[in-house]
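Below you'll find the structure, written out as C-alpha cells, and then a few comments.
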Amino acid sequence: MSTPYAKLPAWADYGLIPVINLAVAFVVAGFVVMLVGENPFRAAVILVEGAFGRGQGIAFTLFYATTFIFSGLSVAVAAHCGLFNIGGEGQGYIAGLGIGIVCLAFDSVLPWWLTFPIAIVASAAMGALWALIPAYLQAKRGSHIVITTIMFNFIAASVMVYALVGFLKPPSSMAPQTRTFLEGAQLPKLNWVIELFGAKIRSAPLNICFLLALVMALLVWLLIWRTRLGYEMRTYGHSPKAARYAGISETRIIIIAMMISGALAGMMALNPTMGDQHNVALDFVSGAGFVGIAVALMGRLHPVGIVLAAILFGMLYQGGAELAFEMPAISRDMIVIIQGLVILFAGALEHMFRPYVQALFASFSPRSVGIEAAKGKGA
Amino acid sequence: MAQAAIELIGINKSFGAVRANRDINLEIVRGTIHGIVGENGAGKSTLMSILYGFYQADSGEIRVGGKPASIKTPNDAIALGIGMVHQHFMLVDNFTVLENVILGAESDALLKKSIAKARSELERLEREYGLEVDPDAIIEELPVGLQQRVEILKALYRGAEILILDEPTGVLTPAEADHLFRILKQLKEQGKTVVLITHKLREIMAITDTVSVMRQGTMVATRVTKETTVGELAELMVGRRVLLRVEKGEAEAGAVKLAVKNLTVKDSRGVTMVDDISFELRAGEIVGIAGVAGNGQSELLEAISGIRRAVSGSVMLDGKPIDLTGAADPGELRDRGLAHVPEDRHHVGLVLAFEENENSILGYHDDERYLKGPFLDIDAIRNDAKDKITKYDIRPADCRLKTANFSGGNQQKIVLAREMEQDPGVLIVGQPTRGVDVGAIEFIHKRLIAMRDQGKAVLVVSVELDEIRSLSDRILVMFAGRIVGERSPEASEGELGLLMAGVEQREAAE
Ligand SMILES: Nc1ncnc2c1ncn2[C@@H]1O[C@H](COP(=O)(O)OP(=O)(O)OP(=O)(O)O)[C@@H](O)[C@H]1O
Ligand SMILES: [Mg+2]
C-alpha cells in the first residue's frame, strides 16, 4: 500500500515556500503600517536599509542573529528527537550564572582566549543541567516536557534574580547585575571583517560568538545526519516504537538529546554577556529563547535554514529598531507585531500555502521534475 | 447490460524517474466486481488514487458513466459517486462510528440534527447490506474488520455507486474476510460497482467477475474470471511461471536454539494474551504458528524479541536466558543471533520518513561495519543497501528514495533483506508476506527455506494458513493465547481450521 501525497522539488520546498510565506507576512505587516498612517513602502525601505544598508546595521543584524542561531539550533536538536524544548529561554538565562561565575573568577588572571573556552563549557554545562531535570522527568516519569521546560523557565528567572541581587552583585552596587568584566572576559569584536569591505562602523557588538555559532551549526548538522547518535535521535523522533525495536534506549536518548539542546541554549548566553554588555544583567536573554522556536521552524530544523532564518530575525530586530526611531507613528510594539506576523506565517502557518504550490506544480505536469532521468529499473 | 461505470483511457503517471502508470486503458462494467492484480509496485494503488483524485494523471482521460470527468480532489470523486476504502483506515480513533460516518458530511450547522438523520440512514444501510456495527461504539475499541465496515459505510453514506477497495483483506481474519465478501456481493446485487485490489488470487477467483492484471505500470491483460486460472494470472503478473508452493526437502532438525517455557504475557490492559506457552525451536527447521489474528501471536513474538514484558516463564536462546522483564536490549539479542521481522512494518520495522538506506541498518546501526568511530560510514551503508536492493530485487532500485514512497511489498522486502542478510542463528518472522505479490512470496519463501537448509532456526507467525502449510516443518496452532495443538504440514486444512477456531479445545474441556 502506498499513501498518496504529492512531493515538491527541494528548491521549492526549501526556497519557494519560505519566500512566499515571508512575502505574505510583509504584505500583511504593510497593511498594519498603513493603518497607523505611515507609508508601508518607505517603512520597508527603512527596515531593510537599517538592517543591511550600512556596516553598522549589518553588524547589529549579525549580532542579534548570533543569539538566534544558538537558540534555533537548540530547538532543532530536541525536535529531531521528537521533543519540544520550550525551555531555551530558561536554559540560556541560567547559563548566565555559569558565565558570571567563570568571568568574575578569571577575568583578572587569564586572557580572553583562555576565559572564553572555560565560559563556553560553563554555559553549556549549566544549560544542559537545566534541561536534564525536565528530560529525566519525561523519560522516567512521563511528565510532559513542554510543561516542565516552561516551569523551568520561571524557576530559572527566580534563581537568577536571587543570584543577581545576591552573590553575583558587587556589594556596594544598587543595580541587579554583576560588575563589568575586565579585559580577560571581553570577547574580540568582528567589526573589522565588515570594515574590510569598506564599510565604517562606529561601535557594534558583533563578536566572535558569531563564528562559534556557525561552527555549532556545522557540528549540529554533523550530529544529526552523520553520527550514530543523530541517527538514533531521528529514529526515536519519527517512531518511538521503531526505536524500541532497534534497541535504542528511550531514557538515554531523551536525556542526551535534551542535554545537547540545553547546552546549545546555554551557549546563546555568551553573546550578550561576554560579547556585548560585559556583565550579566537581569533579563539579558530577553525572549531570544522563544525566538529560537520560530527560527527553528522557519529553518525547517536544518542548520543552514536556521542560520538564514536567524539572520532574517536579526534583520527584523535591527531594522525594526531603526524603524521605530525613524517613524514616530511606529512604536516598539508595532515592531513586535511585525515580528509576530513573520512568526505566524513562516512558523505557525508554514503549511498554509503548500497545497496551492503543490497544485500549481501538479498542473505544470510533474514531467518538469526530470522524469527521463531513467535511473534504476523503475517498476 | 454491459454499460461502463468507469472508463480510463490512456492514463499516464510518473513520479520522477518512476513511470507508475503508462498508457492504461481500463473499462469497469456497472454492477460487477472487478479485480485488479499485479506485482508490488505495478501501479495499482497509483491508478486508483488517480481515479479517487489523490493524484492527477500526467495525461489521459477518465469517464464516469460515459461522461468525461475531471477529478481533481477526493471531493470531486465523491460527488461523482466514487468511494474508496483505504488499506490504512482514515478514521478518528476516539470518535464513535456515527461521528466518523458524518465527519465532513455534516448537513446542518447543528450536529444534533445531522446525527439524528445519519442514524436512520445508517440503520437503513446496515439492514440493506448486512453491514452491522454499533453506531455508538468508539472506533479504537472495534476490531479491524469492523473498522473496515465503518469505512465502507462512510463511502455508502456519501452516496457511493462505485466502491474501490485497496487490499482490504490484508488485515482481516479469514472469517472477517468472508463476511466482507458477503457484503460486497450484496452491494453488487444492489447494482453497485466494486473495484477490488488484492494479492490473494484465491479471493479474485472467488468473488470477482472480471480481473485485470498490471505489470510494471502497464495493463497487460483483462480476463473474465470464470475463464482464467490462478496459474495464468500469476504468470501474467510476473511474466514467468510462478511456483505457488515452493518445493522443499526434509528438515534436518538439530540442536535446540530457542526454548520457550511456560511463557505468560499480558497486554497493557492486563488481559492475558499468551497463556502458559511452551515449545522448542531447533536448528534447521521452520516452525509455523497458525492462528486467527489476535490470539496472542503478536504478543508472543514481541516477548521473545525482548520488546514486551512477560509475566512469567522463560525463553532460552542457545541455552542462555532472554531477559523478559521488559528491560531487554533488542540490540543485545541481535548480537546473540536473534533477528526479528516485526508484523507491523510501518511503525515498528521501518521509519517511513527515512531514506531506504537508513532503514537498511535499523537495529544494526551500532555495527562496526556501518560506523567510523561515532560517525556513520555513509558510503558503507549505501553500498550495503545497494547490494541488498539487487539481491532482493527491491524496486525502484534507489537507496536514497524515501521509504514511504516504496510500495507495500517492496517495503516488506527492505525489512526482510535487512534481517536475513545479518545471517542470524534464529529468525522470527511475523506475517512474512502480508501485502506481498505472488512472485515476491515465492522469492521470500525460497529464502526462508534456504536459511533453514543452512541450519538456521526459523519461527514463522502468519494468519495465512496456505503460507504456514507450505513453509513449516511443524505447525503449532494458537487459540486464545494457548497452543492448542501441534500438527504436521500434511494435516488437512479442515483439521487445522477447526483447531484455529478452538473447536477441539472446547470439546476437550467438556
Ligand atoms: N508518492 C510517490 N513518490 C514516488 N514514487 C512513488 C510514489 N507513490 C508510488 N510511487 C512509486 O510508484 C510505483 C507504483 O506504486 P503503487 O503504490 O501504485 O504500487 P502497487 O501496485 O499499489 O504496489 P503494492 O502491491 O506493493 O501496494 C512504485 O514503484 C512506487 O515506488
Ligand atoms: Mg498498493
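Some notes on this structure:
- Shape call, segment B:229-274: gyration tensor on alpha carbons, a/c limit 1.5: oblate
- Partner chain coverage, peptide B:392-398 - average Cβ within 10 angstrom: 3
- Pairs of Cα atoms nearer than 8 Å and 6+ residues apart set the relative contact order; for segment A:56-324 it is 42 percent.
- Applying both filters, DSSP loop and at most 14 other Cβ atoms within 10 Å, to the trypsin sites (Lys or Arg not before Pro) of segment B:104-201 eliminates every site.
- Across segment A:165-289, the mean sequence separation of Cα contacts (distance under 8 Å, 6 or more residues apart), normalised by length, yields a relative contact order of 33 percent.
- Placing unit charges on the Cβ atoms only, positive for Lys and Arg and negative for Asp and Glu, gives segment A:56-324 a dipole magnitude near 680 debye about its Cα centre.
- For B:Thr208, nonlocal amide neighbours, meaning residues 5 or more places apart or on other chains whose placed amide H falls under 5 Å from its own, do not occur.
- Cα gyration tensor, chain A - rounded (a/c under 1.5), prolate or oblate: oblate
- Taking the Cα centre of the protein assembly as shown as origin and assigning +1 to Lys and Arg Cβ atoms and -1 to Asp and Glu Cβ atoms, the resulting dipole is close to 1600 debye.
- Helical contribution to [θ] at 222 nm, DSSP H n ≥ 4, -39,500 (n - 2.57), averaged over chain B, rounded to 500: -9500 deg cm²/dmol
- Averaged over B:341-351, number of beta-carbon atoms from partner chains that fall within 10 Å: 4
- Sparse-neighbourhood loop sites, GluC sites (Glu not before Pro) in segment B:93-159 - DSSP loop, at most 14 other Cβ within 10 angstrom: B:Glu132
- Adding -39500 (n - 2.57) for every DSSP H run of four residues or longer, then dividing by how many residues chain A holds, sets the calculated 222 nm ellipticity at -20500 deg cm²/dmol.
- Between A:Val109 and A:Leu218, the distance separating the two model label sites (each 7 Å from Cα on the Cα→Cβ line) works out to 3.3 nm.
- Lysines with Cα under 22 Å of B:Lys402, excluding same-chain neighbours fewer than 8 positions away: A:Lys7, A:Lys241, A:Lys375, A:Lys377, B:Lys13, B:Lys44, B:Lys386, B:Lys388, B:Lys391, B:Lys413
- Under Karplus coefficients 6.51, -1.76 and 1.60, residue-wise ³J(HN,Hα) of segment A:154-166 in Hz, glycine/proline x: 5, 4, 4, 4, 5, 4, 5, 4, 4, 5, 7, 9, x
- Long-range amide H partners of B:Val18 with built H, under 5 Å: none
- Sparse packing (at most 15 other Cβ atoms within 10 Å of the Cβ) combined with a DSSP loop state is found for the following chymotrypsin sites (Phe, Trp or Tyr not before Pro) in segment A:31-117: A:Phe84.
- Segment B:132-272 shape via C-alpha gyration tensor axes, a/c threshold 1.5: oblate
- Once the Cα-Cα distance is subtracted from the 0.36 nm per residue extended length, the B:Glu495 to B:Asp136 segment shows a gain of 125.4 nm.
- Here the Karplus curve 6.51 cos²θ - 1.76 cosθ + 1.60, taken at θ = phi - 60°, turns the phi angles of segment B:59-69 into couplings of 7, x, 10, 10, 10, 10, x, x, 9, x, 10 Hz, with x standing for Gly and Pro.
- Sequence-separation-based contact order of chain B, relative, with Cα cut under 8 Å and 6+ spacing, percent: 15
- Cα-projected label distance for B:Glu332 with A:Asn39, points at 7 Å along beta-carbon direction, nm: 7.4
- Each Lys and Arg contributes +1 and each Asp and Glu -1, all at the Cβ; summed about the Cα centre of segment B:4-238, the dipole is approximately 580 debye.
- Burial ordering of B:Glu247, B:Glu343, fewest other beta-carbon atoms within 10 Å first: B:Glu247, B:Glu343
- Farthest toward positive dipole pole in chain B [+1 Lys/Arg, -1 Asp/Glu at C-beta], among B:Gly104, B:Met84, B:Pro74: B:Pro74
- Phi-based couplings in Hz for segment B:272-280 (Karplus 6.51, -1.76, 1.60; Gly and Pro marked x): 6, 9, 10, 10, 6, 9, 9, 6, 10
- Electrostatic tally near B:Val265: other residues with Cβ closer than 11 Å to its Cβ, Lys and Arg +1, Asp and Glu -1, net -2.
- In this rough spin-label picture, where each label sits 7 Å from Cα along the Cβ direction, the A:Arg300-B:Met205 distance is 5.0 nm.
- Test item: A:218-228 mean partner chain Cβ contacts at 10 Å: 3
- Distance between segment B:422-494 and segment B:183-255 - C-alpha centres, whole angstrom: 21
- C-alpha center-to-center spacing [segment A:17-81, segment B:341-382] in angstrom: 39
- Charge dipole (chain B, unit charges on Cβ, about Cα centre) - positive-most of B:Met273, B:Met420, B:Val503: B:Met420
- Residue list for segment B:43-60, given a label point 7 angstrom along the Cα-to-Cβ vector of B:Met90 and an amide N cut-off under 17 Å: B:45-57
- For B:Gly38, residues with placed amide H under 5 Å, excluding near neighbours: B:Met214
- In segment A:56-324, a dipole from Cβ-located charges (positive for Lys and Arg, negative for Asp and Glu) runs towards its positive end, and of A:Gly299, A:Ala185, A:Gly314 it is A:Gly299 whose Cα lies farthest in that direction.
Read-outs throughout are calculated quantities, based only on the coordinates presented, and are distinct from any laboratory measurement. What you see is a predicted model, and the numbers here were worked out from it, not measured in a lab. All Cβ positions, glycine included, derive from the backbone under ideal geometry; neighbour counts span all protein chains shown.
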